[in-house]
Amino acid sequence: MATDFDRLVEELQRQVLEDARAVYSDKVIEAFYNPKNLGRMPEPDGKGVVKGGCGDTMEIYLRLDGGRIGEASFMTDGCGPSIACGSTLTTMVQGMSLDEAGEIRPEDLLQALDGLPEESVHCAELAVSTLREAIASRA
Ligand code: FES
């Protein structure tokens, strides 16, 4: 049976989600609440770690499979949008060659997320910079 406390928690969660929907796209919210490819990879083929101007760090790990990216994962201590960026970017690159992945621009990631508010655009730039470092670590 739901207690008053359960109902309060439910109401707070509903309010938080409603506030988030006013600012972020459904894709950002989905990737934030259910991030894919989250976690450090043991013995990766490529690794990038970049600290952004905001002070948050993004890590991206790549595992190659016959010259293509077979697996990618990320870790961040950053904001919600950075989690959405890491999840979406590491999903986008799977199956790409390193050259193809290196051509991904922050604009491409923003488009895949149906945009981010202006103050969160740097989170997408941080994710793409980290991917480029992971690719460069391999070259
Ligand atoms: Fe630092 Fe988003 S605010 S990564």
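The values are calculated or read from the model by the stated rules, or taken from the named source; none is laboratory data. The model shown is predicted, which means the values in this text are computed figures rather than measured ones. So basically every Cβ, Gly included, is an ideal-geometry build from the backbone, and we count neighbours across all protein chains shown. These area figures cover heavy atoms from the full protein model, side chains too; ligands, DNA and RNA do not enter into them. Shrake-Rupley method; radii C 1.70, N 1.55, O 1.52, S 1.80 Å.
Would you please name the residue that is farthest from Asp114 (Cα to Cα), looking only at residues in the range 36-59 that are small (Gly, Ala, Ser) and surrounded by 13 or more Cβ atoms within 10 Å (Cβ to Cβ)?
Here the answer is Gly46.
Quick test for you: out of Tyr33, Tyr24, pick the one residue that is open to solvent by 40 Å² or more (accessible area, probe 1.4 Å), more than 16 Å from the ligand (Cβ to nearest atom) and aromatic (Phe, Trp, Tyr).
That would be Tyr33, the only listed residue that is open to solvent by 40 Å² or more (accessible area, probe 1.4 Å), more than 16 Å from the ligand (Cβ to nearest atom) and aromatic (Phe, Trp, Tyr).
Take Met96 and tell me if it is touching a Leu at 6+ places or on another chain (Cβ under 9 Å) and either hydrophobic (A, V, I, L, M, F, W, C) or open to solvent by 20 Å² or more (accessible area, probe 1.4 Å) (or both).
no
Conditions tested, residue by residue: (1) open to solvent by 60 Å² or more (accessible area, probe 1.4 Å); (2) out of contact with any strand residue (DSSP E or B) (no Cβ under 9 Å at 6 or more places or on another chain); (3) closer than 19 Å to Pro42 by Cα; (4) touching a residue at least 12 places away in the same chain (Cβ under 8 Å).
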{"site": "Gly70", "(1), (2), (3), (4)": "no, no, yes, yes"}
{"site": "Met75", "(1), (2), (3), (4)": "no, no, yes, yes"}
{"site": "Gly102", "(1), (2), (3), (4)": "no, yes, no, yes"}
{"site": "Arg105", "(1), (2), (3), (4)": "yes, yes, no, yes"}
{"site": "Glu119", "(1), (2), (3), (4)": "yes, yes, no, no"}
{"site": "Leu131", "(1), (2), (3), (4)": "no, no, yes, yes"}
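Pull out all pairs, ordered by first then second residue, where Cβ-Cβ is under 6 Å, the residues are six or more apart or on different chains, the first lies in the range 36-61 and is of a type in the set (Phe, Trp, Tyr), and the second is in a strand (DSSP E or B).
Tyr61/Lys47; Tyr61/Ser73
Of the residues in the range 58-94, how many are within 14 Å of the chain's Cα centre (by Cα), part of a strand (DSSP E or B) and among the small types (Gly, Ala, Ser)?
2
Looking only at the range 1-18, decide whether some residue is polar (S, T, N, Q) and more than 25 Å from Asp114 (Cα to Cα).
Taking every residue of the range 1-18 in turn, at least one turns out to be polar (S, T, N, Q) and more than 25 Å from Asp114 (Cα to Cα).
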